[in-house]
1. At a 10 Å Cβ-Cβ cut-off, how would you order 145, 104, fewest neighbours first?
2. Remind me, relative contact order of the chain in percent, using alpha carbon pairs under 8 angstrom and six or more residues apart?
3. Quick one: grab Rg to one decimal and Dmax as a whole number for the chain, Cα atoms only, in Å.
4. Quick one: 73, 39, fewest Cβ neighbours within 10 Å first, how do they rank?
5. Give me 55, 40, 166 sorted ascending by neighbouring Cβ count inside 10 Å, so fewest comes first.
6. Helix 2-22 versus the longest principal axis of the chain: what angle, 0 to 90°, nearest 10, using Cα atoms?
7. Using only helices, what value at 222 nm comes out for the chain when you add -39,500 (n - 2.57) per DSSP H run of length 4 or more and divide by the total residues, to the nearest 500 deg cm²/dmol?
8. Over the Cα atoms of segment 62-141, what is the Rg over Rh ratio if Rh follows Kirkwood?
């Protein structure tokens, strides 16, 4: 009986290892811009559609696939998305002080909300400490602020999730998140 249990265990272990090799971790990416002396960077995981369609879903299930049972989306994959700015930024009525923050998105079918958080990030889900891996164990008590994003459907289909700075001027720009046919944006400016 022990031999049979061992063989079953070995078969399951090999199957899990095979699946893990077939689906490599999403690569990391950086988005960056410089406005005058100010640098703004975003480091994030860049998941790929891998043949999936309607990645954000619809109705009551909207966002569930990318949230993976977390309360909010990590705006990417794997390690929590991190934004670093060397100057204060203005998003709507909110000022984001210079520093480093985790970015999350509350995904709803009727709109996205960008969350700037003081949660720190873990490099590995097994790491000890207070930081988060992705958005698991996210709590709103560390939110710096939330801002609504403008969500639109775009004609090209982005296979890989992309964060970019667009429409950048000498006083600000737009933070854009694009995946499949969905783009969500949040305008910002340099704070006085």
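1. Values: 145 14, 104 28.
In increasing order of surrounding Cβ atoms, one gets 145, 104.
2. Working: 404 pairs, mean separation 36.5, N = 192.
Once divided by the residue count of the chain, the mean separation gives 19 percent.
3. 18.9, 73
4. Values: 73 26, 39 13.
Lowest to highest Cβ neighbour count: 39, 73.
5. Details: 55 17, 40 23, 166 13.
With the sparsest Cβ surroundings first, the list reads 166, 55, 40.
6. For helix 2-22, the angle is close to 30 degrees.
7. On the way: 2 runs with 25 residues, N = 192.
Taken over the chain, the calculation gives -4000 deg cm²/dmol.
8. Working: Rg = 12.9 Å, Rh = 13.2 Å.
For segment 62-141, the value is 0.98.
We did not get these values from a lab; they are worked out from the coordinates using the rules stated. Everything numeric here is computed off the predicted structure, so don't read it as measured data. With ideal geometry, Cβ positions are generated from the backbone for all residues, glycine too; neighbour counts draw on all protein chains shown.
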